Amino acid sequence: MNKRWSTLVTAMLLATTLGWQQPLATVTAAAKTTTTQTTKKPKRKTVVSTSTHIKLQGASNARDLGGYVNSKGQKIKIHRLIRSNSLSTLTKADQKKLVKTYHLATDVDLRTISEQKQSPDVRMKGVKLVKANVFKEFPPLPDFSKKNAANKMMEKTYHDAVTTAQGRKAYKSLFHQLLINPKNKAVLWHCSAGKDRAGMGTAFVLSALDFSRAAITKDYLKSNAYLVQTNKVNLQKEEAGWKAQGKTLTPTVIANFKDENGVQKAYLNAMYKAIDVKYGSMSKFLHKGLGLTNAQLKQLQANYLTPAK
């Protein structure tokens, strides 16, 4: 068999082996063509950007933000930034995990004064407790027998958190702790469910670390998954309380309870809208609303992010 036909047969066999076939003319042409060796570019490794759910018996919505990758390819260092729900029912094992494994040094409590008194955080040895209530107290609940009452309430809550002096003072306190935190220790911030006040705090922290709004929203919505069991219990309690008052439990009431206990993109959007109206952008809010300087933002990025590649 001459060299030309040998090459042709080899090409046809290869085509059949790979599960596709070229027209004979194309294969023949390929046989005539001098083979040129090309160097393949190495494939870029896919960077997995995700946080870690910290499994605790006494807090269902605790997360280590370490692992998230921003638009510059910088990754949040593990065991440095933690968001959570209430720490009032932590077990001894939970406390050990947070302190020993996650190197927790500072606990920032964003709840109201009455929440802090009724369900105080478990005091952990070597962990500094900082009380930074976003709201002094909550206003009375609206009439949940009215449609979308919870949605309106939640959107107003997000609006007020960034437009009131009390809210900004609390988040300034959070950033102060982040700035003075040792480089090998973690700061944890939390509210009651770990979804709203803690969620907004996380949005500000991630914004300061150059994360996009889309990435922030994705993290924010994870609370719905982590709070499934907690919210089932909450819903049962709320329904029982409603009935105990002699009120009729309608589908609208139940829908409002669910809207109150979950997170929605519309809630976070209400916060962004309030920031845009009052400050013009998230960047300006970090500077003017929370008083962060360019030097402090660089310090935060250097402390909590890996170097840019």
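Rule-based calculations on the coordinates, nothing more; no lab input. Predicted model only: the values in this text are computed from it and were never measured. Cβ placement follows ideal geometry from the backbone for every residue including glycine, while neighbour counts extend to all protein chains displayed.
Per-structure values
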item: Backbone HN-Hα couplings from phi across the range 73-85 [Karplus 6.51/-1.76/1.60, Hz, Gly and Pro as x]; result: x, 8, 9, 5, 5, 6, 6, 10, 10, 10, 10, 7, 9
item: ³J(HN,Hα), Karplus 6.51/-1.76/1.60, whole Hz, each residue of the range 63-70, x for Gly, Pro; result: 9, 8, 6, x, x, 5, 10, 8
item: Full-extension gain in nm, Ser71 to Lys136, via 0.36 nm per residue minus C-alpha separation; result: 19.8 nm
item: Computed lengthening from Lys152 to Lys183, 0.36 nm per intervening residue step minus Cα-Cα distance; result: 7.1 nm
item: Alpha carbon centroid spacing (whole Å) that separates the range 257-309 from the range 83-138; result: 22 Å
item: All aspartates and glutamates inside 16 Å of Lys309 as judged from Cα atoms, apart from same-chain residues fewer than 8 positions distant; result: Asp210
item: Dipole axis of the range 52-304 (+1 Lys, Arg; -1 Asp, Glu on Cβ), positive-most option in Ala215, His103, Val263; result: His103
item: Efficiency of FRET from Cβ geometry, Asn294 and Val228, R₀ 35 Å, rounded to 0.05; result: 0.30
item: Residue-by-residue Karplus 3J(HN,Hα) for the range 216-223, coefficients 6.51, -1.76, 1.60, Hz, glycine and proline x; result: 5, 5, 4, 5, 4, 6, 5, 4
item: Separation of the Ser145 and Ser119 label points, Cα + 7 Å toward Cβ, nm; result: 2.8 nm
item: Listed residue (Ala225, Ala149, Met282) projecting farthest to the positive dipole end of the range 52-304, Cβ model; result: Met282
item: Extension gain (nm, one decimal) between Lys273 and His176, 0.36 nm per residue minus Cα-Cα; result: 32.4 nm
